[in-house]
Ligand SMILES: *Cc1c(COP(=O)(O)O)cnc(C)c1O
C-alpha cells in the first residue's frame, strides 16, 4: 500500500520512517471514524524471516491469540509457519486459512473435552497438559496423542509474566510423564513460557537453568523426550531498547544448546514478537481536562481504552508510545484513560505519560506497535463502542 503521506501527523513525526512503515503511512494518509488497528503483512513476513533465521532449526508455531486476523494467519501459512492454538475456534481459523493440520499444536492446558475430540478428529496429534485430569481428558478424546508437559516458570524476568496459572510444579513432572505413558499417550516433550515481553535474551538464562535439569532427569528416567517447546516471550519495541530479533533468537537458541545439548525437536511459539511491531492504532483524543484549577496532571481521554483493545495496560505493564500531531512541543504529565464508563478504564496513572501541552480533543494520535494483543482483547460492545476495527495491508 503506497498511500500518499500527508497531514499533521506526518509533519510531527520524525520518529517514523513513513516510507518503510506501511501501517504508519496508511494511518497518516487516511481518516478514521473509530479506533482502527492497521497491520502490515509485509512487516509480519519480515519479522517471521528474522526470527526464523535466528531460531535456526526450531519450528515456529505462531501463538494465534496475539492477532487472529485471517489475513495474518494466511500470511504466516505462506511463510511456512506452524500454529499454536488454544481452542477449536483457533484450529478452525488456521485450517480455514490453509494451515496443514500437522503444523497445528493444541497448546492450551485447559481444554474443553469436545474441543480435544474435534482436534483429534481433524488430525491434530500434539497437545499440551499440566495436570492428571487434562491427561485423562486427552487420553479419552484423542487416544494415542503426543503430549508435552508444561512447567511453571519460577523466575520470569518478563514485563508481562504468566504467573502460576499455567504449568505444573517441577516436583509433578516425572509423575505426569509416567501417567501419560500409562494412559497410552506419547510423553513427547516439555514446554515452558519465559513470560511475555522478555526484553533481553539473557533473561532466559535463569528459566533455562530451571528447566534443563528436569529435561535431563526425565530422559534419564527413561522418557525418550523429543520436543522442547520454548513458548513465546520474544519482545516488541515499546520504547525501551531491545535486541534485533534475529540476534535475540539466535542467542536464545545458543543458551538452550549450551544447557540441553542436542534436542531432537525445538519449537518456539512467538506471538507478540511476530506481530506487535507490524501494527499501529489510529485513535483520537476525546477530551483533555483537569480535575481542579491546581491539578498537576491533565486527564487525556482517548477513544480507545482498556476494554476496546488496550487490555495490556493492566498494571501499566505494557507502555505504549503515543504519537501526536504536536510532538516536539512542550509536554506535561497526563493521566491517560479510555472512553468507557468503567473507572478501571485508565491506561496510565501511577506513571503518568508526558504529552504535548497543545493536545486537544479531536486530535488524531497514533499508538505505536499495537499489532499484538489488541484486537483479540477488545470487547464486543461495552458502552456501545464497537470492537476494534482492523485493516490488514
Ligand atoms: C500466549 C502464548 C504464547 C505467545 O507468547 P508471546 O509472549 O506473545 O510470544 C506462546 N505460547 C503459549 C502457550 C501462549 O499461551
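Bear in mind that the values in this text are calculations on the coordinates, not laboratory data. No experiment lies behind these values; they were computed from the predicted model shown. FYI the Cβ positions are ideal-geometry reconstructions off the backbone, even for glycines, and counts take in every protein chain you see.
Structure summary
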| quantity | calculated |
| --- | --- |
| Convex hull of segment 15-89 built on C-alpha atoms - directionally averaged projected area, nm² | 6.7 |
| Projected-area mean, segment 239-393, by convex hull of Cα positions, square nanometres | 12.1 |
| Least to most buried among 303, 295, 389 (fewest other Cβ within 10 Å first) | 295, 389, 303 |
| The chain: antiparallel DSSP beta bridges as a percent of all, rounded to 5 | 40 |
| Sorted peptide list for 66-77, 158-169, criterion being average Cβ within 10 angstrom, highest first | 66-77, 158-169 |
| 222 nm mean residue ellipticity, helices alone, for the chain (DSSP H n ≥ 4; -39,500 (n - 2.57); rounded to 500) | -9000 deg cm²/dmol |
| Cβ-based exposure ranking for 393, 310, 177, in which fewest neighbours within 10 Å come first | 393, 177, 310 |
| Percent of Cα pairs exceeding the 16 Å cut-off, where the set is segment 318-384 | 56 |
| Protection-proxy order for peptides 235-241, 270-276, each taking the mean of Cβ atoms within 10 Å per residue, highest first | 270-276, 235-241 |
| Hull volume in cubic angstrom per residue (convex hull over the Cα atoms of segment 27-138) | 131 |
| Cα centroid of segment 43-122 to Cα centroid of segment 149-194, whole Å | 20 |
| Global size of segment 200-320 as Cα Rg and Dmax, reported in angstrom | 21.1, 72 |
| Peptides 144-154, 186-196 ordered by average Cβ neighbours within 10 Å, highest first | 186-196, 144-154 |
| Helix 245-260 vs. the chain, principal-axis angle (Cα, 0 to 90°, nearest 10) | 30 |
| For 78, 47, order by how many other beta-carbon atoms lie within 10 Å, fewest first | 78, 47 |
| Estimated FRET transfer efficiency (residue 112, residue 321; beta-carbon r; R0 45 Å; 0.05) | 0.75 |
| Cα-Cα P(r), segment 107-270, percent of pairs per 5 Å interval | 2, 9, 19, 21, 19, 14, 10, 5, 2, 0 |
| Computed over the chain, Cα set: Rg, Dmax in Å | 22.2, 72 |
